[in-house]
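Novice: Before I ask anything, here is the structure I am working with.
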Amino acid sequence: MPTILEIMGWRLFFYTNESQEPPHIHAKKAGMECKFWIKVKYYDIEEAYAFGLKVRDKREIRKIIFDHFDYIVERWDAIHREGKHE
């Protein structure tokens, strides 16, 4: 499970065995954990799940993901399936 970013206490990572799923990112901070689908074609994200996050925390992690959107997609491709997006 490679960590691709550590920022503002958040650790953003992938599981290497999830290449059959559309692009997504997992994030953890303290007792919080979430997963967001990465909609590459639309430059958007969608929450898959969130555990222990308050509204402020969701806003914070969404901003981090959007601020690093292209990097996250590049790392997903490098780790999972170079050049394929859904």
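Novice: Using only Cα atoms, tell me the angle between helix 55-67 and the longest principal axis of the chain; keep it within 0 to 90° and round to the nearest 10.
Specialist: 30 degrees
Novice: Sort the chain into rounded, prolate or oblate with this rule: let a ≥ b ≥ c be the square roots of the eigenvalues of the Cα gyration tensor; rounded if a/c is under 1.5, and if a/c is not under 1.5, prolate when a/b is larger than b/c, oblate otherwise.
Specialist: Prolate, since a/c reaches 1.5 and a/b exceeds b/c.
Novice: By how many degrees, 0 to 90 and rounded to 10, does the Cα axis of helix 69-79 deviate from the longest principal axis of the chain?
Specialist: So the helix axis and the longest Cα principal axis differ by about 50 degrees.
All of the numbers you see were taken from the coordinates with simple rules; none came from a lab. Computed from a predicted structure; not experimentally measured.
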